[in-house]
Amino acid sequence: MTSAPSDNSRKYAVLPVDDDPLITAGTGAEPARSGYPVTTPNSGRVTLELLKKFFFDLVIVELAMTPVNGLEVFEGLKGDAAGDYGHCPHRIREHGLWH
C-alpha cells in the first residue's frame with residue numbers, strides 16, 4: 001500500500017487491526033468490497049510499523065491483543081514517528097463490543 005494521492009478523487013485507506021485474522025478480514029471485507037484500500041495486520045507490533053510508513057484515514061483496533069495491545073497502538077497514533085493522526089476516526093473493540 002502506498003500513500004494516497006492528495007486530490008479529492010482518492011479512496012480513503014482503512015486499517016482494521018486484530019490478532020484474530022478472521023475478525024480482521026471480516027472487519028475489512030465491506031470497505032474492500034466498496035473499493036477502499038484495506039490493509040489487515042494481525043498484530044499491534046506490525047500495525048505500529050505500518051503507521052510509520054503509510055497513512056490511514058480510518059483505524060479500527062482491538063484492545064486486547066498481545067504483546068502490543070490496542071492502547072499501545074493508539075499511543076503510536078499520537079506519536080511523532082507515526083505522524084499526526086489527530087483527525088483520524090478511532091473505534092475501540094473490546095471483548096467483542098465496539099465502543
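If I stretch the segment between residue 69 and residue 33 completely, what's the gain in nm (0.36 nm per residue apart, minus their alpha carbon distance), one decimal?
10.2 nm
Testing the spin-label approximation: label points 7 Å from Cα along Cα→Cβ at residue 45 and residue 20. State their distance in nm.
Distance between the two pseudo-spin positions: 2.2 nm.
Read-outs throughout are calculated quantities, based only on the coordinates presented, and are distinct from any laboratory measurement. Predicted model only: the values in this text are computed from it and were never measured. Using ideal geometry, Cβ is built from the backbone for each residue, glycine included, and neighbour counts are taken over all protein chains shown.
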